[in-house]
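Visitor: Please find one structure pasted underneath; my questions will follow.
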């Protein structure tokens with residue numbers, strides 16, 4: 001990586017609020033593999049800058065945005081799941097189950 005690219009990128013790997021992160025740093029933050037980070041980048045879900053050698057750098061604020069988006073998606077899907085299950089829970093019988101057992105004596 002040349003000095004002009006480093007100057008353009010600014011601080012790398014968490015050295016400030018507008019810092020750039022490597023693929024491995026992003027993978028640790030998102031709790032995924034570096035391969036998944038590359039997939040997200042290629043799919044356009046995660047903005048990045050790429051050096052001539054092919055190394056990707058991601059803005060920290062962009063990664064935080066993706067983290068927040070994923071968290072909201074999880075909450076939403078959990079709420080939808082609970083909304084689907086609650087009516088079934090309400091239809092469940094409220095009376096206690098029968099607990100009487102008949103004793104069977106063997107032998108005599």
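Visitor: Just to be sure I understand, how many residues within region 42-54 are within 17 Å of residue 68 (Cα to Cα) and touching a helix residue (DSSP H, G or I) at 6+ places or on another chain (Cβ under 8 Å)?
Guide: Of the residues in that region, 3 qualify.
Visitor: In region 24-40, what count of residues is obtained for those that are out of contact with any strand residue (DSSP E or B) (no Cβ under 6 Å at 6 or more places or on another chain), within 15 Å of residue 67 (Cα to Cα) and assigned to a helix (DSSP H, G or I)?
Guide: So the answer is 8.
Visitor: Here is a further query. Of the numbered conditions (1) within 16 Å of the chain's Cα centre (by Cα); (2) exposed (fewer than 11 other Cβ atoms within 10 Å of the Cβ); (3) modelled with pLDDT of 90 or more, residue 53 satisfies every one except a single condition; which is it?
Guide: (1)
The values are calculated or read from the model by the stated rules, or taken from the named source; none is laboratory data. In this text, all values refer to a predicted model and were calculated from it rather than measured experimentally. Backbone-built Cβ (ideal geometry, glycine too); neighbour counts: all protein chains shown.
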